[in-house]
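Heads up, the thing below is written out as structure tokens.
The values are calculated or read from the model by the stated rules, or taken from the named source; none is laboratory data. If you're wondering where the values come from, they're calculated on a predicted model, not measured in any experiment. For neighbour counting, all protein chains shown are included, and Cβ atoms are generated from backbone atoms with ideal geometry for every residue, glycine included. Just so you know, the surface numbers come from the protein's heavy atoms only, side chains and all, with ligands and any DNA or RNA stripped out. Shrake-Rupley method; radii C 1.70, N 1.55, O 1.52, S 1.80 Å.
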Amino acid sequence: MRRCVIASFAVTLLVAFAPHALARPAWKLRIDAAISGHSVSVAVRGGGRRLYSHRATRQRPPASNQKLILSMALLDQLGPRFRFPTFVRSVAPQSSVIHGDLWLFGRGDPSLGAGGYPSSLSFGGTRVGRLARKIRATGIRAIRGRVMGAVSYFHHDWFAQGWKSNFPADEVALPSALTIDGNVRAGKHIHHPELRAAKVLTEKLIKLGVRVGHRASAGRPPSGLQKLAEVKSRPLWTLVRYMDHQSSNFFAEVMGKRLGVDVLGRPGTIAKAARAVSMWAARHGTTETAYDASGLSYDDRLSARGIVRLLGVADRSSWGVLLRRILPSGDQGTLTGRLARVNVHAKTGTLDGISALSGWVWLKASRRWARFSIMDQGMSKDRSASIEDTIVRTLWRYAS
């Protein structure tokens with residue numbers, strides 16, 4: 001009799017819940033099958049409602065999806081049209097002569113270069129030569145002292161909790177306020193970019209006929225100097241676009257330090273950058289543990305649901321559509337070779353055994369954008385990319 005009662009109860013449960021199981025859309029079952037047996041978190045929202053969720057609140061390393069959060073914080077704090085200045089100051093010139101040193105200051109432009117670093121930037125970057133021409137245009141013909149690179153705006157910190165010991169040598173150049181050619185020379189990361197920038201400016205001035213009395217150097221600038229000339233970077237959104245397409249750790253840490261200065265004051269540090277990004281996320285209801293701006297740290301933590309929530313903040317912001325458009329689409333940037341012809345705009349993230357993909361995908365069935373985040377661990381990159389691409393293609397083709 002007891003077995004009959006148990007069997008009857010089981011049948012009752014099956015009848016009660018079977019219609020819901022059978023009603024689960026085929027596209028969801030396809031995603032279920034793709035992630036089955038793997039450590040994957042998925043969050044998808046569209047039209048103001050949750051479309052799909054699997055382990056979405058689990059905190060995982062975002063890898064370079066941290067750059068996506070940084071992108072939002074930068075655009076919100078500084079504005080898409082913001083331009084990073086690079087300028088020179090000195091004591092007041094007498095006639096055409098500076099009786100002292102000419103100081104070169106940076107404020108976090110990662111694109112400053114001798115000839116437009118890096119060559120792959122479609123927007124060209126900021127050129128030291130242009131600044132030299134502006135200096136000469138003020139009438140300066142001689143500098144009795146030397147060109148000095150200022151080192152006070154950012155600290156020279158070059159490590160974060162959760163980084164591997166080889167990262168400063170192999171993954172990210174020194175994030176300084178005054179940069180030059182990506183702070184790389186002859187394929188190696190340089191330790192004194194301010195000195196190198198001062199040398200480049202000296203060379204440019206001499207070529208223009210401006211006499212410089214002594215060799216370039218670097219140090220902490222004195223007070224009481226006046227500005228002589230200035231150049232500005234291309235708009236912030238173009239720098240963010242490059243950072244996200246190339247997943248540039250250098251751009252992320254330099255601009256992250258500048259965000260840290262704007263939010264928490266001088267000097268810029270990697271820790272302040274991480275804190276500024278986390279503070280921005282927290283203001284919008286998302287808990288994040290961050291130790292850097294680039295996502296190189298294996299100790300960074302963020303959930304797929306949190307990323308999707310922040311993408312929702314972007315959707316409600318004046319800069320949100322711009323961010324969506326400048327993220328890599330299928331077969332672009334770090335998505336090269338992936339999701340060709342799929343209407344998607346997303347940021348990748350990769351560390352050893354860790355992968356992520358977050359952004360927007362167009363739902364053909366309902367003709368609207370959906371926000372998504374996929375975060376996974378414990379697989380090869382090829383396997384992770386295959387699962388991520390299957391999910392995105394499924395959303396694009398069938399979800400509604």
If we sort 30-41, 54-65 on the protection proxy, mean other Cβ atoms within 10 Å, highest first, what's the order?
54-65, 30-41
Excluding Leu78 itself, calculate the net charge of residues whose Cβ lies under 12 Å from the Cβ of Leu78, where each Lys or Arg counts +1 and each Asp or Glu counts -1.
+2
Based solely on its DSSP helices, what 222 nm [θ] is calculated for the chain when runs of n ≥ 4 H residues each add -39,500 (n - 2.57) and the sum is averaged over all residues, nearest 500 deg cm²/dmol?
-12000 deg cm²/dmol
With Leu195 itself left out, Lys, Arg at +1 and Asp, Glu at -1 over residues whose Cβ is under 12 Å from its Cβ give +4
In range of the label at Ala23: residues from the range 363-400 whose backbone nitrogen is under 17 Å from the point 7 Å along Cα→Cβ:
400
Starting from the Cα of Lys227, draw a straight line to each of the lysines and keep only those under 25 Å, dropping any in the same chain fewer than 8 residues away.
Lys134, Lys199, Lys204, Lys207, Lys257
In Å and whole numbers, how far do the C-alpha atoms of the range 249-313 stretch along each principal axis, longest first?
32, 23, 17
Between Arg266 and Lys381, how many nm apart are label points set 7 Å from Cα along the C-beta direction?
4.0
For the chain, what log10 I(q)/I(0) values come out of the Debye formula at q = 0.07, 0.10, 0.14 1/Å, with one point per alpha carbon and no solvent?
-0.39, -0.69, -1.12
How many nm separate the modelled label positions at Trp362 and Thr138, each set 7 Å beyond the Cα in the direction of the Cβ?
5.0
Heavy-atom accessible area per residue of the chain, all protein chains kept, 1.4 Å probe, expressed in Å², is 43
How much length is gained on full extension from Asp315 to Arg341, taking 0.36 nm per residue of separation minus their Cα-Cα distance?
7.0 nm
